Amino acid sequence: MTVLDDEFGPLTKELIDEFGKPVSLRRRNEDSTDTFDPVTGVRSAAATAETTKTVTISPPARFKEEQINGDSVKQGDWKSIIAKQGLSFTPKLGDVLIVDGSEGTIVSIGPLYSGVDVAGWKIQVRQ
């Protein structure tokens, strides 16, 4: 940990808490798999087990028109930041954010460093 980490990690969370927006993050649990009974030959879908947490993100921002290429960035995608401090998990691809009743899936995620430590994650969300 560096002096930058000591200062900017907490500052990232403080700014996002002050100016950001609380949203729900939903994740399908890893152990939700289909089962197959070799005796009956029947495959059954497991109940979808999900975990929902409340996180605060920076205000969602749309991509500029010149950044939209129809492939990695599509019309309607938006970006935001999730602070690491205070989180008990790491956001990942496929997590769903629910913002003002609209759902979007994290399609890109990258760390934001405050020094040598991660202060948060820059995410791209697709509706």
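Just so it is clear, none of the values below were taken in a lab; they were calculated from the coordinates. Since we're looking at a predicted model, the values are computed, not measured. Cβ atoms come from the backbone with ideal geometry, glycine included; neighbour counts cover every protein chain shown.
Data overview
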{"quantity": "Folded to 0 to 90 degrees: helix 3-19 orientation relative to the chain principal axis, Cα", "calculated": "70 degrees"}
{"quantity": "Förster radius 35 Å - calculated FRET efficiency between Thr2 and Gln67, Cβ distance, rounded to 0.05", "calculated": "0.65"}
{"quantity": "For Gly120, residues with placed amide H under 5 Å, excluding near neighbours", "calculated": "Lys84, Leu112"}
{"quantity": "Chain lengthening between Glu14 and Tyr113 when straightened (0.36 nm per residue, less Cα-Cα)", "calculated": "34.1 nm"}
{"quantity": "20 Å Cα-Cα reach of Lys21 towards lysines, excluding residues that sit fewer than 8 places from it in its own chain", "calculated": "Lys13, Lys53, Lys79, Lys84, Lys92, Lys122"}
{"quantity": "Two-site label geometry, Phe89 and Arg126: point separation in nm, points 7 Å out along Cα→Cβ", "calculated": "2.1 nm"}
{"quantity": "GNM result for the chain, Cα springs below 10 Å: residue of Gln85, Gln67, Gln75 fluctuating most strongly", "calculated": "Gln67"}
{"quantity": "For the chain: rounded, prolate or oblate by the Cα gyration tensor [a/c cutoff 1.5]", "calculated": "prolate"}
{"quantity": "Theoretical gain in end-to-end length, Val96 to Asp37 [0.36 nm per residue, Cα-Cα removed]", "calculated": "18.1 nm"}
{"quantity": "Theoretical ellipticity at 222 nm over the chain - DSSP helices of four or more residues, -39500 (n - 2.57) apiece, nearest 500", "calculated": "-4500 deg cm²/dmol"}
